[in-house]
1. Assuming R0 = 25 Å, what is the FRET efficiency of K649 and L615, from their Cβ-Cβ distance, to the nearest 0.05?
2. What is the Cα centroid distance between the range 503-545 and the range 328-372, reported in whole angstrom?
3. Please list, in chain and number order, the residues 5+ apart from C557 or on another chain whose amide H is under 5 Å from its amide H, with Hs placed from the backbone.
4. Please report the projected area of the range 144-216's Cα convex hull averaged over all directions, in nm².
5. Would you mind telling me the share, in percent, of accessible area of the chain contributed by carbon and sulfur at probe 1.4 angstrom?
6. Between N458 and K204, what FRET efficiency follows from the Cβ-Cβ distance if R0 is 60 Å, with the result rounded to 0.05?
7. Please list the non-local residues whose amide H lies under 5 Å from the amide H of C588, H modeled 1.01 Å from N, same-chain partners needing a gap of 5 or more.
8. Would you mind classifying the range 498-654 by shape? Square roots of the alpha carbon gyration tensor eigenvalues, ordered a ≥ b ≥ c; an a/c under 1.5 is rounded, otherwise it is prolate if a/b is larger than b/c and oblate if not.
Amino acid sequence: MALMKLHGFRSCTSFVISAFRRNLSETLTSIKTDRRFMHTICCGGKTLRNTPSLAPLMSRRHLSSAFYPHVCVAGCSVRHHGDTGSSQKQVDEKRFMEDLSKLGSCKQIFRLLDSVGFLNDTMLSAALLRIVQVETQNGILLNPCDVFENPVFKAICVQLEENSQRLSDTGLVNSLKGLVQLRVDPWSTLMVRLVSESQERLDKGEMSIQNLCILGESLLEIEGPKCAMLQPIMDQVQQKNVNEWSPEEIAMVYSLLQAGLGERGQYQGLLNKMHKATIYITSQLNPRLISSILSALVVLEQRQAVPLVIKLCKNSVRHIPYFTDEELVQVLVAMTNFEHSDKYFTEALERHVSKMAFSMSPQVVSTVMQYCDKKLILSKPIFDAVAESFVYNSENFTTLQIAQQIIPFGKLNYLPPNAATLFRKLERILSNRFSQFHPRTLLNLLHSCILLERFPVNFLAKIFNPYFLQQLQDQTGNLDKFALSQLTQLFLTVTLECPFYEGPTLLPKYRLKTFSTTGCSLESPVDVHLYNRVKSGLVDLLGARMYFASHVQSPYCYTLDVEIKLDEEGFVLPAFQNEEVHRRIAVCIDGQKRFCCNSHHIIGKEYIKQRHLRLLGYDVVQIPFYEFDQLQNNEDIVEYLHNKIFPHKYRLKW
């Protein structure tokens with residue numbers, strides 16, 4: 001069997017088909033002499049060079065005894081799906097499909113094919129697609145020799161080539177799909193014959209939506225969006241009434257557009273009709289269809305389809321235990337991408353992760369944590385379960401998955417019950433695999449640790465090393481503001497909280513003077529509405545606007561929402577006065593965005609800011625939104641601010 005990667009071929013399929021119809025033998029002769037179709041075949045450690053890519057798919061002489069006028073595979077007659085007249089044959093097909101779904105290797109599948117007494121084109125194409133499932137990973141065939149050197153597979157190829165006209169539409173397009181995904185040479189006689197037959201069926205205009213979509217995706221793999229056959233496929237799809245499509249058909253059209261036809265806003269009119277139709281059938285969608293449609297909406301950037309996304313997410317709540325790992329990842333990515341979260345979805349996710357954290361794939365666990373990270377969802381059941389599974393399973397994680405699972409703990413300022421064990425495990429991983437981490441990923445990971453008062457002193461010498469800092473730089477040789485702010489905060493943390501550290505420090509040229517710069521998100525901006533209410537109350541409390549300053553840049557990078565200066569006797573000084581200042585009060589006006597979602601738990605970057613301000617000598621006063629919003633009138637506000645800022649002093653009334 002001659003094989004090569006399909007993406008290396010962007011030849012004109014229609015040209016091949018027309019040439020095939022005119023004179024296949026002449027076409028093959030001309031193609032075989034073209035150097036474009038000569039490639040290397042590796043099999044079993046042997047290399048065969050200069051082998052024509054359109055060489056016969058098998059040795060006809062080798063299987064001559066196995067083939068008769070009605071083609072057989074290892075002695076079993078293979079018929080058109082329409083030939084299955086008796087109920088016994090239908091029972092055989094059902095049993096075959098059940099047996100096929102349980103097999104985990106191509107050798108087992110070929111043994112099954114060799115043992116059956118009856119085989120129709122539906123069963124044949126299903127076997128090819130099952131081989132794809134068990135033998136490919138990330139689009140790469142793991143054991144090509146086991147597939148292509150097997151006599152049964154060679155017999156299948158000969159049957160498909162010689163009996164393409166007798167195949168049903170479904171058998172034809174599914175067989176083509178299986179061979180495409182196995183990366184069979186698109187210029188082989190088999191593939192040319194199947195594509196040619198597909199073109200003839202397409203010209204008749206009688207193919208179903210599902211078969212049109214399967215054919216379209218195969219052609220996209222072979223030739224890309226410029227394939228001439230794709231236009232009539234889409235024309236026929238658009239001619240059909242969207243409201244009459246089944247859930248399966250809607251999902252398949254979404255997938256076809258996702259595969260490449262919906263790029264740059266093409267077929268947006270069709271998509272809009274599909275969005276409206278899908279909203280009414282979301283309750284009929286199974287987990288596979290929900291995840292497939294959500295994935296398509298993300299890839300196609302359908303921002304206007306938020307109502308559909310919300311409806312799909314609501315319906316996915318009851319399906320969470322039944323999603324496969326890959327499907328759950330697609331749902332979570334869609335919810336993160338469309339910035340949607342749902343209380344009931346989170347509760348269902350908590351129940352699922354708590355039970356399945358130890359058996360879920362690392363990618364699913366990482367995606368769950370990213371979802372919580374992006375939406376600021378502090379779910380203690382999820383975080384606790386992930387922390388437990390991390391201790392036992394992290395050896396199998398990639399460095400990126402390790403970072404994705406640990407960083408949310410720092411961002412959301414949460415220490416799980418097994419924090420000591422968790423961070424000991426993390427330290428061992430960093431010691432053993434430090435060089436394997438991408439520099440930016442490593443910086444993000446270590447920065448998240450200091451948010452939780454876990455200080456990576458054993459690794460700071462490597463972080464502040466000029467070589468590591470050079471690795472962080474972009475192509476222009478510069479460090480972005482966010483990386484510089486993280487490095488600066490690491491340096492500040494070591495200075496304030498690790499006085500015993502005597503290793504290298506961050507060079508002055510890498511230290512920022514303020515965290516309140518564009519591209520730096522180590523400080524949350526103050527809630528304007530909340531700030532204005534607090535400011536009005538402070539004016540009434542202190543007697544004049546001159547006795548406090550707003551948005552003050554401290555000498556230590558942090559920006560103070562409000563600063564109040566006191567002299568040695570505790571009297572308030574004017575904001576512009578710098579002499580005789582004995583105490584400084586930093587008032588943190590913490591709006592809702594400085595807390596975890598639907599919670600009163602402050603996020604990590606605000607926690608470390610308040611911690612550092614205290615170490616720097618400020619009296620930190622926190623004004624949280626959930627307390628301030630309960631105040632009914634101005635008198636309540638003034639009384640509240642007095643008790644917060646001057647709890648031990650009698651209030652003068654102006």
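1. 0.50
2. About 34 Å separates the Cα centre of the range 503-545 from the one of the range 328-372.
3. Amide H neighbours of C557: none.
4. Answer in nm², one decimal: 4.7.
5. 50
6. Here the calculated transfer efficiency is 0.25.
7. Under 5 Å from the amide H of C588: V621, Q622, I623.
8. Oblate, because a/c is 1.5 or more while a/b does not exceed b/c.
The values are calculated or read from the model by the stated rules, or taken from the named source; none is laboratory data. It should be emphasised that the depicted structure is a prediction, and the values quoted were computed from it without experimental measurement. Positions of Cβ are generated from backbone atoms using ideal geometry, with glycine treated the same way; all protein chains shown enter the neighbour counts. These accessible areas exclude ligands, DNA and RNA; they are computed on the full protein's heavy atoms, side chains included. Shrake-Rupley method; radii C 1.70, N 1.55, O 1.52, S 1.80 Å.
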